[in-house]
Ligand SMILES: C[S@@+](CC[C@H](N)C(=O)[O-])C[C@H]1O[C@@H](n2cnc3c(N)ncnc32)[C@H](O)[C@@H]1O
């Protein structure tokens, strides 16, 4: 099978936000293994200076199958970037490269390295070696494949940091939009007794199952289902997380109390900081008390408890 690498070279006043906005255009097409390049990356941020020269431009790359579906998605990407450009002023230029299956598999893997994302937690690509720097370090082994969730995206990092604060041992955890399963793995390693994940994307469901298994979580402690948001979720959970875009979180919020146990915590991420107020206001209307707000690189995540309408 052939693959087409589409590299979107861009210029924007805020390169981190620009890369996130362009990545979202890829994610909206259901294409999730994106690679972000920036001339400002340092080896500490996971850039392999020994293996790869430092990039000269800001760019986001994604990989499309070399078939009719891939061609259709590339057209949608071009349209999505035109719309983004009109809305934000980002200027983009596309570069195309055809790759064989093996080259594709290796080309994006070269960009991921172990990364410390909190005081205690390290995300480690399964194909890299890593020696822990202290005995209480928690290592999340991950191969995201074509699913979202290397663990290093700011929205994921914020969720994991909130889980570190709000997850008590033995709890039941639900992850809405599990992607690679990274949040379920973090919850499991922080002591959750049961992790359930849902994703609308069948590829993500398979990837998440494999990642959970690689981290020692089998069907007894981890369940993953294909599904749309909470459709088909009939139990209650002590902590529910959703790292999805704010528009989706706004749709989801009203149903969250149905799947939260009394006193349970809802963690939401994927909120561009300019949408923070809109999400917080909607939460207050429904009866959530916001307990913790975290920000990183223009993204906001919140932990809240359902206390019931005023
Ligand atoms: C931003 S990724 C988050 C992945 C992972 N939880 C993390 O934190 O890195 C969002 C995920 O939500 C899934 N998703 C988006 N809309 C959904 C929906 N309506 N129902 C279920 N999953 C959805 C996507 O397929 C994607 O895997």
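Read-outs throughout are calculated quantities, based only on the coordinates presented, and are distinct from any laboratory measurement. Because the structure is predicted, anything quoted here is derived from the model rather than measured. FYI the Cβ positions are ideal-geometry reconstructions off the backbone, even for glycines, and counts take in every protein chain you see.
Which percent, nearest 5, of DSSP beta bridges in the chain are antiparallel?
Working: 36 of 61 bridges.
Restricted to the chain, the bridges split so that about 60 percent are antiparallel.
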For segment 164-269, alpha-carbon Rg and Dmax in angstrom: 12.4, 34
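Share of Cα-Cα pairs in segment 91-190 beyond 18 Å, in percent?
Working: 2592 of 4950 pairs.
So the pairs more than 18 Å apart make up 52 percent of the total in segment 91-190.
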Within a Gaussian network of the chain (alpha carbon springs, distance under 10 Å), most fluctuating of 285, 20, 238: 285
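Please give the per residue volume of the convex hull enclosing the alpha carbon atoms of segment 115-306, rounded to a whole number of Å³. Walk me through the numbers on the way to the answer.
Values: hull volume 20.4 nm³, N = 192.
Roughly 106 Å³ of hull volume per residue.
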Antiparallel DSSP beta bridges within segment 226-310, as percent of all bridges there, nearest 5: 70 percent
Degrees between helix 202-214 axis and first principal axis of the chain (Cα, 0 to 90, nearest 10): 70 degrees
Residue with peak Gaussian network fluctuation, the chain [Cα springs, cutoff 10 Å], from 71, 187, 242: 71
Order of 37, 164 under a 10 Å beta carbon neighbour criterion, fewest first: 164, 37
Helix 68-88 vs. the chain, principal-axis angle (Cα, 0 to 90°, nearest 10): 80 degrees
Average projection area in nm² (convex hull over Cα atoms of segment 141-222, one quarter of hull surface): 4.6 nm²
0 to 90° range, to nearest 10: angle between helix 154-166 axis and the chain longest Cα axis: 20 degrees
Mean-position separation - Cα centroids, segment 272-306 and segment 101-173, in angstrom: 24 Å
